[in-house]
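Engineer: Quick one: the structure is below, questions incoming.
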Amino acid sequence: MPIQSTTYNSRVTSEALEKKFRDTFTSQGGAELVDDLYAAGVIVPTVDFTAAALGSEIPSFMQQAWDASTGYKKTNNTTDTLITTPGFWKIDLTATGSSSIAEVRINTGLTTKTVWFLGLTGTSNLTADGEFFVFLRSGDSLEQRTNAATGQINTWYRQVADVNGNLVNPLGFTFS
């Protein structure tokens, strides 16, 4: 094994790293690597073992696609609870109306925090769109409301990651 005289050698014997090496370079070793992996001085990564590089995750625009699990709720002159499951959620909405408010908020059980708001004033019928992500903790809920019969909010939502940040792929999607 060639080394530089000013560096030291250390043996890398991680079974997980060896498995990733075997899985990525299938022609470079059967049951085990021919020899342990060695590092001299500083380990400089030259092979990308990330999920994106290995093709085991899809691009975010595809991972966040609407699917058969997409929720929908139309609210008019009331408050509705949309989501009670903790995690990261993709939200898309359209609000229409006049002389009313349309609001999306996180309810913690003790207080509410507005995350999207539209004040619809006058007699003209106005329309506004919104697209954003929210994070709900255990015990939080996402609500939407309008305060008059002249206001309406339509919301679509889908979970894109659980409370620990593990991505939730579209319903029915599997890697081949």
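The values are calculated or read from the model by the stated rules, or taken from the named source; none is laboratory data. As the structure is a prediction and not an experimental result, all values here were calculated from the model. Note that we place each Cβ from the backbone using ideal geometry, even for glycine, and neighbour counts take in every protein chain shown.
Engineer: Criterion first (in the same structural domain as Ser69 (by TED's automatic domain parsing), under 18 Å from Ile83 (Cβ atoms) and within 17 Å of the chain's Cα centre (by Cα)) does Glu131 satisfy it?
Structural biologist: In short, yes.
Engineer: Oh, and also: If only one of Thr85, Thr50 is surrounded by 12 or more Cβ atoms within 10 Å (Cβ to Cβ) and either at pLDDT 70 or above or not basic (Lys, Arg) (or both), which one is it? Quick ask: steps written out before the conclusion?
Structural biologist: Details: Thr50 fails: surrounded by 12 or more Cβ atoms within 10 Å (Cβ to Cβ).
Result: Thr85 is the single residue among Thr85, Thr50 that is surrounded by 12 or more Cβ atoms within 10 Å (Cβ to Cβ) and either at pLDDT 70 or above or not basic (Lys, Arg) (or both).
Results for (1) outside the structural domain of Thr79 (by TED's automatic domain parsing); (2) within 11 Å of Leu93 (Cβ to Cβ); (3) not charged (D, E, K, R), shown as yes or no for each residue.
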{"residue": "Arg137", "(1), (2), (3)": "no, no, no"}
{"residue": "Ala148", "(1), (2), (3)": "no, no, yes"}
{"residue": "Gly151", "(1), (2), (3)": "no, no, yes"}
{"residue": "Thr155", "(1), (2), (3)": "no, yes, yes"}
{"residue": "Asn166", "(1), (2), (3)": "yes, no, yes"}
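Engineer: From the list Thr174, Thr114, Thr108, exactly one residue is β-branched (Val, Ile, Thr), out of contact with any Ser or Thr (no Cβ under 9 Å at 6 or more places or on another chain) and modelled with pLDDT of 95 or more. Which is it?
Structural biologist: Thr114
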